[in-house]
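Encoded as C-alpha cells, the structure appears first; notes follow it.
Coordinate-derived values only; no laboratory data. This structure is a prediction, so every number in the text was calculated from the model and none was measured. No Cβ is skipped: glycine too gets one built from the backbone with ideal geometry, and neighbour counts run over all protein chains shown.
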Amino acid sequence: MRELKTKKEYQAVCERIEELLSVVDNDTSVNDKDFIELDLLSDLVVDYEEANISFESPSLIDVIKLRMYELDLNQVKLSKLLGVSTSRISEYLTGKSEPPLKVARDISIKLDIDPIIVLGI
C-alpha cells in the first residue's frame, strides 16, 4: 500500500477509520476484512503523522490536571497526597512556581506521570 501524501488523503483515511471503528471491536477476528483494513489504514495514518505532524509534549500542568481528573482528586486531596499546602498546589497548577525536586519525584511516583514530563526534559 502506498503512503499518504496530502492532508486531504489523510482526512479521508481518518474518516474511514472512524467508520471502521464502529464495526470492529476487541472481539473481531484478525482475519476479518474490516479488521485488516483498519489495521492497514491505521499504519498509514501513523506514518503520515510521524512525517508531517509535530506533536508537542504535554505540559506538566496539563498532565497533573488530567491525572487529578482521572483519580478524582481536587487540590485539597492532591495537597495531602503530596504533603504540600493547597496554596502551593495552586501555584504549581497556575504556573506561578515549579515543584522542587522532592515534590516532582512524588508527583511522578504518586500520580504515575513520566519523569521526563515532570522534569520538562
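Side notes on the structure shown:
- Residues of the stretch 88-97 classified as surrounded by 14 or more Cβ atoms within 10 Å (Cβ to Cβ) and either touching a residue at least 24 places away in the same chain (Cβ under 8 Å) or among the basic types (K, R) (or both), total: 3
- When we screen K77, K33, K65 for residues that are over 30 Å from L111 (Cβ atoms) and among the basic types (K, R), the only hit is K33.
- Residues of the stretch 54-87 satisfying the condition of being of a type in the set (A, V, I, L, M) and touching a residue at least 60 places away in the same chain (Cβ under 8 Å): L60
- Odd one out for I109 among (1) part of a helix (DSSP H, G or I); (2) surrounded by 15 or more Cβ atoms within 10 Å (Cβ to Cβ); (3) within 19 Å of the chain's Cα centre (by Cα): (2)
- Selection of the stretch 50-92 for residues being more than 18 Å from the chain's Cα centre (by Cα) and of a type in the set (A, V, I, L, M, F, W, C) yields A51, L73, V76, L78, L81, L82, V84, I89.
- Checked against the criterion of being surrounded by 12 or more Cβ atoms within 10 Å (Cβ to Cβ), out of contact with any Asp or Glu (no Cβ under 9 Å at 6 or more places or on another chain) and among the hydroxyl-bearing types (S, T, Y), the stretch 5-25 contains not a single residue that satisfies it.
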